[in-house]
Every structure is written in C-alpha cells, then in structure tokens.
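Peer 1: Below is the structure I would like to discuss, written out as structure tokens.
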Amino acid sequence: MGQNERKIAGVSLQELERRWKIARDHLRERKIDALIAVSTEAPNNSGYTRWFTDAAGAYRNVVVFHADDLMTVVEHGFHGARKETGGNDPTHPGVGEILHVAEFPAVNYNQRYEADAIVGMLKRRGYKRVALLNPDGMPWAFVEAVKGALAGGGEVIDETEAFDLWRAVKSAEEKDFILQAIRLQDAVFLKVLEKTKPGMRDLEVASIIHYEGRLLGSTHGTIMSGSAPQGQPAPILPSNAQGRAFNRGDYMSVLLENTGPGGYFAEVARPVSLGKPADELLSAFEKVKAAQDYSTSLMKPGADCREIFAAYNDYMKSHGLPVEGRIHSHAQGYDIVQRPLIRFDEPMKLAPNMFFAVHPAESTSSVFTFCCDNIFITKDGNSGYLHKTERKVFEI
C-alpha cells in the first residue's frame, strides 16, 4: 500500500500551487528570503503549517517556505537525519528537504532542537530577511534562536497579517471541503439522536460523535457534551468532565467541533432533551437563536468585526442576556478558531468567501443553552445557515 492510499483526503496539487504562488509573489515583492511557520498544536491547530503542505503531523512541526526554492520541513523523527525529497515525495508536496529532530514539547532541554536545525539552514543559505508567521504563538526559544541567527547582519519581520488574510478567504476547492464537513456533522448529529439513551454517560455521547465522524472521514477535533437535570445548567464540557450519567427528564448540550475529510473544521451545537424539555430551556433557546440571527445579519463584506461585536453586546444587554467577554463568532479552516474573530480587538474586515461559526449562548443558575451554525460571507451579504440540522431543542 502506497503512502498516498493511506491519506483519507486532502486538497489537490492545484490548490497547493495556488497558495504557493500567493506566498511566493508576496515574498518577492517584499524582498523576503523565506516565511517560517510553526504548528502550535498538532493536529487541532496546525493551520499555519498545513496551509503550505496539507500535512498535519502527530507532533509540532516547522515549515520554511523559500522565495526561490522548494520548502524545508522540520518534523519529528530520527534525530539529526536529513532527507532530500526534491519535491517528489507524494506525502510532502512542494518540499525539498526534511530535517528530523526528536523533540517533545514537555521536555524542556530539547526545545531548541527545531530552532538549531532552522538556524543551520538559514546560515547555509545566507539569508538576510526572514519573516515569521504568528511569532507570538511560537516557542520562545525558537524565536530567540532565529532572531539571534540574523542579528547584526539581517532582519526578522512579522508577516502574519498578510498570511491570515490569505487563508481567511477560501477558494472554491476549500469551500467544497468545508461543505463536506458540514454534511458530515449533520449526519453524525442524526446518529446522536438515534443512539443516545437514558443511563448513558456524557462521554458515550461524545464517543458516538467521534466514532461516527471517523467512519465518514473526520480525522480530529473537539467534542464537548454536558448533561444536567432540567432546572440546572448543562454546559458543554471537555472530555475529562464527561463522566456524568444522565436520566430520563435530563437535558444536554452537544457540540460537534470536528473536521470533515481534508481537515477543515465546521461547528454545530444543539440542546437535546431526554423527554419533554422544560419551558425555561425552550424560552432560553429561542432567545439565543434570535441573538444568532441578529449577529449574522450584521456579517457582510466590508463589515468591521469590532463594530459587530459591540452591536451584538448592545443587543444582548437590551434583551436581558449575558454580554460576551470572550468570543461568540469566529472564522474556521484548518484551525478550529482562526481569524477574523468577531471581537473587540480584531482589525481585519469581513470579505467574500470567509467562513464563520456563530455561537451565542445563555448561561444562568438554572439553564445553559447554546446554538452554533456556520455561514459563508458572500459578495452581497452571507449564505445563511449551512447546516441542515434544525435549529431547535431536540426531544428524544
């Protein structure tokens, strides 16, 4: 079995070449020798490196995108080994060399191994102007080493703003992968309704989602589920807090935040009641739906994210709902949360073909409810909600 046959799905070479051209044109225009990206968490937040290579490893990796050469990749493996691929390795398209290091994030003394490999490469090539992508998200030792390598004879700059816009605007092929993720989540949610029974634990609901999603091509993601009796809050909870067993009459909040084939994230959340839902839950969910509709109505090309966020919080206040201090809407792609964010500090404006999750919530001492759906920004406004899963409190 060839390596390509092992891959569940991935973007085409034509899509990667589109991205490489955008980046290479930018580097040449700005007289930059290379862009350097580091994955921050594999695989849930590997978007900075995966955008170049369509690869999400099991460990942190580094991609160096050269202005005038095939890429260099540093990844986990036999320490000190170097493999020349010449762009011919089907599992590493566009990559000319792979440098291996045996680095583990929880081991302090080996945190400079990737940086040492990169510094050696920069010096061999005599680079003078190098750009980092998301430097504040990189390991401190890595940034320090790269800056030190060029100190006095070169320059290290930040080109994150340009890169974030490149990946925020989705191509036709990317949009197709995203729609596959949405259809997958719709199908998996039906399995949740079919298989969930009183006496199960929250973790079993999450396991249904993981299992059914994997069968349909999902590779990774975050599944959150939490239950409670009616009259108590049932927040979405991470895996280590999913031990509660639920009974007839309880309700739960279920969040699917997993990928479809190809590694693109989508996101849907609904409340599920085991029996007749309480009036308070129904009323709270209608308020959340209305807040979602209001926020979505403001999302159109040219809109300012900070202004949308302020208007949304004004709406929440005027309707007696809790204001948002974190995030209620954000773009998605290879990362669960990526720019632009609908938030108080986001300078990027909305543009056609950006893809968003919109998820307002209400939380009180007696109820928690959460509604999440995805939209695309279009040239005239937005697509409307893309999931076919009905926006309601489900009763099973």
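Peer 1: How about the stretch 1-92: which helices (runs of 4 or more DSSP H) wholly inside it have at least 1 residues that are closer than 20 Å to Gly333 by Cα?
Peer 2: 13-30, 47-53
Peer 1: Which residues, counting only those in the stretch 268-293, are among the aliphatic types (A, V, I, L, M) and farther than 19 Å from Arg248 by Cβ?
Peer 2: Val268, Ala269, Ala284, Val288, Ala290, Ala291
Peer 1: Let me ask something else about it. Pick from the stretch 53-72 the residues that are touching a helix residue (DSSP H, G or I) at 6+ places or on another chain (Cβ under 7 Å) and of a type outside the set (S, T, N, Q): which of them is farthest from Leu16 (Cα to Cα)?
Peer 2: For the stretch 53-72, the residue satisfying everything is Val62.
Peer 1: Give just the number: which of (1) at pLDDT 95 or above; (2) over 30 Å from Lys349 (Cβ atoms); (3) buried (at least 18 other Cβ atoms within 10 Å of the Cβ) does Lys191 not satisfy?
Peer 2: (3)
Peer 1: Right, here's the next one. Taking the stated definitions as given, is Ser207 of a type in the set (S, T, N, Q), farther than 19 Å from Asp373 by Cα and in a strand (DSSP E or B)?
Peer 2: Judged against the criteria, Ser207 is not a match.
Peer 1: In the stretch 3-14, what residues are surrounded by fewer than 17 Cβ atoms within 10 Å (Cβ to Cβ) and touching a helix residue (DSSP H, G or I) at 6+ places or on another chain (Cβ under 7 Å)?
Peer 2: Start the filter on the stretch 3-14 by keeping residues that are surrounded by fewer than 17 Cβ atoms within 10 Å (Cβ to Cβ), which leaves 3-9, 12-14.
Ser12, the sole residue that qualifies.
Peer 1: Any residue that is exposed (fewer than 14 other Cβ atoms within 10 Å of the Cβ) and over 25 Å from Pro261 (Cβ atoms) - is there at least one of those in the stretch 89-100? First the steps, then the outcome.
Peer 2: Residues of the stretch 89-100 that are exposed (fewer than 14 other Cβ atoms within 10 Å of the Cβ), as a first pass: 90.
After this cut, where a residue has to be over 25 Å from Pro261 (Cβ atoms) as well, the list is none.
No - not one qualifying residue is present in the stretch 89-100.
Peer 1: Are any residues in the stretch 141-165 surrounded by 15 or more Cβ atoms within 10 Å (Cβ to Cβ) and within 21 Å of the chain's Cα centre (by Cα), and if so, which ones?
Peer 2: Glu159, Thr160, Ala162, Phe163, Asp164, Leu165
Peer 1: Which of the residues that make up the stretch 261-292 are under 23 Å from the mean Cα position of the chain (by Cα), part of a loop (DSSP other than H, G, I, E, B) and among the aliphatic types (A, V, I, L, M)?
Peer 2: Across the stretch 261-292, the qualifying residue is only Ala266.
Peer 1: How many residues does the stretch 126-140 contain that are assigned to a helix (DSSP H, G or I) and surrounded by 16 or more Cβ atoms within 10 Å (Cβ to Cβ)?
Peer 2: Number satisfying all stated conditions: 2.
The values are calculated or read from the model by the stated rules, or taken from the named source; none is laboratory data. All of these numbers come straight from a predicted model, not from anything done at the bench. Virtual Cβ from ideal backbone geometry, glycine too; neighbours counted across all protein chains shown.
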